[in-house]
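Input: a single structure, listed below in structure tokens.
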Amino acid sequence: MQKIPLVDLQAQYSRIRPEIDHALAEVLASAAFIMGPQVAAFEDAFAAFCGAGHCVGVGSGTAALELSLHALGIGRGDEVITVAHTFIATAEAISAVGAKPIFVDVDPHTYTLDPGALAAAVTSQSRAVIPVHLYGQPADMTAINALAAQHGLWVIEDAAQAHGASWAGRPVGTLGHVGCFSFYPGKNLGAYGDAGAVVTADAQIAETVRLLRNHGRRAKYEHEIKGYGERLDTLQAAVLSVKLGHLRAWTAARRALAATYTNSFVDLDLTLPGVAPDAAPVWHLYVICTPQRDALARHLASQGIATGVHYPIPLHLQPAYADMGLRAGALPVTERVAAQCLSLPMYPELSQTQQARVINAVREFFGAPHLDCAAHVMATAGKPGD
Ligand SMILES: *Cc1c(COP(=O)(O)O)cnc(C)c1O
């Protein structure tokens, strides 16, 4: 029985190998490993893709968040409101600049920042909010931006999982003041190592991030401010430019897979991902919720199907954030999702046959009859992917 992974980076590389190998060979031949021309070329291409005025490539998604907070002057004594249902880097960046993360609950349908909880968490110390477009689902940016404007907060979007998603027709990353992207290999747009980017419409913020990522320097040994060593690597930029050319097609494939999952599970007793009317998600992950999560994961594993849990321990209950003094029960929706969520295989190269195996294994677990997935896919083809 062939195994079905959660993501399959080898399948992707094998399809674009000539293009990638050529781009890498060019960098190797030129030996322009640090800030080679491929870096600016990718920044221009990614800015255009996002419809952003400026893009600054950095060393990782975590660096994108930390440098953005630093560039906005956020530090000691400041509070930054964000979610506990996210990868820990969102909060670590806040801690790294000396500010305090304030964790709020998520919406029970989209699992993204609940604007009502944001409103309740604002204090005189609040300086910024970081909504996370988790799983590729955009957060409710209309409500979040309105509250941020009312309270004078910076809006930093954590778009690490949402390249190309949009809210009310506008791409994520351009809805707040600053957008932060990760190109970690498993992300929708992934490098072959660590990489990230900051996008913004604000030339001043872009310029500060540009200085910060490269030791605060303008000239070779002239350092205007204290910065970081967080440049985007030239080899990674070359990989990213090749992959960016495929991203729209890959997103379309993810949307078709998500629609097929949803159509195949509607009769089952589980919680399917909720999509807000203004949202056009990009399905970094397809996440279902059920109180029988662990048993379902074991059933799928017994059939060679990998699953994931994103994320099993909310940040406010992590030992690293024990100093916040929050206990179990503080964020009920977050805690329920952490206990019940299961990520199913989701990557553009997942074949119809593979997906049919996943679907029928899930249906079997809930005692539902198998679907004739080929016929089912035909019947649902042509429906919008989200
Ligand atoms: C991946 C990720 C990050 C961190 O990105 P790295 O490139 O791994 O540093 C931050 N936030 C979220 C939501 C992520 O998924």
Filtered hits (lysines, Cα-Cα < 24 Å from K243, offset >= 8 within chain) -> K187
Expressed as a percent, the accessible surface of the chain that is carbon or sulfur, using a 1.4 Å probe and the full set of protein chains, is 55 percent
Taking N as the residue count of the range 71-162, its alpha carbon Rg divided by 2.2 N^0.38 Å gives 0.97
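Report the calculated FRET efficiency for R170 and A31 (r = Cβ-Cβ distance, R0 = 35 Å), to the nearest 0.05.
Details: r = 40 Å, r/R0 = 1.15.
According to the calculation, E is roughly 0.30.
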For the range 18-67 (alpha-carbon point model, no solvent) the Debye-based log₁₀ I(q)/I(0) at q = 0.14, 0.26, 0.30, 0.32 Å⁻¹ works out to -0.45, -1.04, -1.08, -1.10
Cross-link reach from K226 to aspartates and glutamates, straight Cα distance under 18 Å and at least 8 residues apart if same chain, gives E66, E207
Among T290, L350, L147, the residue whose Cα sits farthest towards the positive end of the charge dipole of the chain (+1 at Cβ of Lys and Arg, -1 at Cβ of Asp and Glu, taken about the Cα centre) is L350
The simple spin-label model distance between H246 and A146, using points 7 Å out along Cα→Cβ, in nm, is 4.1 nm
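Pull out the extension gain between S351 and R218, defined as 0.36 nm times the separation in residues minus the alpha carbon to alpha carbon distance; nm, one decimal. Working shown, then result.
On the way: separation 133, 0.36 × 133 = 47.88 nm, distance 4.88 nm.
Fully extending the segment from S351 to R218 adds 43.0 nm.
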By the Cα gyration tensor axes a ≥ b ≥ c (a/c under 1.5 gives rounded; else a/b larger than b/c gives prolate, otherwise oblate), the shape of the range 45-118 is oblate
Semi-axes (Å, rounded, descending) of the ellipsoid equivalent to the range 162-216 per its C-alpha gyration tensor are 20, 19, 5
Amide H contacts under 5 Å for Y286, restricted to residues at least 5 apart in sequence or on another chain and with H modeled in the peptide plane, are L344
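Give the dimensionless ratio obtained when the Cα radius of gyration of the range 190-337 is divided by 2.2 N^0.38 Å.
Values: Rg = 21.4 Å, N = 148, 2.2 N^0.38 = 14.7 Å.
Normalised Rg, Cα atoms only: 1.46.
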If the chain between A301 and A339 were fully extended at 0.36 nm per residue, the gain over the current Cα-Cα distance would be 11.9 nm
Over the chain, the sum of -39500 (n - 2.57) across DSSP H runs of at least four, divided by residue number and rounded to 500 deg cm²/dmol, gives at 222 nm -12500 deg cm²/dmol
Contour minus Cα-Cα span, D294 to K226, at 0.36 nm per residue, comes to 19.8 nm
With bins of 10 Å, the percent of all Cα-Cα pairs of the chain per bin from 0 is 5, 23, 32, 25, 12, 2, 0
Distribution output for the range 1-127: share of Cα-Cα pairs per 10 Å bin in percent, first bin at 0, values 11, 24, 30, 22, 12, 2
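In debye to the nearest 20, how big a dipole does the range 234-329 give about its Cα centre with +1 on each Lys and Arg Cβ and -1 on each Asp and Glu Cβ? Present the calculation step by step, with values, prior to reporting the outcome.
Working: 7 positive and 5 negative charges, 63 e Å.
So the dipole magnitude of the range 234-329 works out to roughly 300 debye.
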Other residues with Cβ under 11 Å from the Cβ of I102 give, with Lys and Arg +1 and Asp and Glu -1, a net charge of 0
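Between Q10 and A41, what FRET efficiency follows from the Cβ-Cβ distance if R0 is 22 Å, with the result rounded to 0.05?
Between Q10 and A41 the formula returns 0.25.
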Going residue by residue through the range 130-147, the Karplus relation 6.51 cos²θ - 1.76 cosθ + 1.60 with θ = phi - 60° gives ³J(HN,Hα) values, rounded to whole Hz and with x marking Gly or Pro, of 10, x, 10, 8, 5, 6, x, 9, x, 6, 6, 6, 5, 5, 5, 5, 5, 5
Computed over the chain, protein heavy atoms only, probe 1.4 angstrom, the accessible area per residue in square angstrom equals 41 Å²
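The values are calculated or read from the model by the stated rules, or taken from the named source; none is laboratory data. Every value quoted in this text rests on a predicted model; they were computed, and no experiment measured them. Methodologically, a virtual Cβ is constructed for each residue, glycine included, from the backbone with ideal geometry; neighbour enumeration extends over all protein chains shown. Side chains included, ligands, DNA and RNA excluded: accessible areas come from the protein's heavy atoms. Shrake-Rupley method; radii C 1.70, N 1.55, O 1.52, S 1.80 Å.
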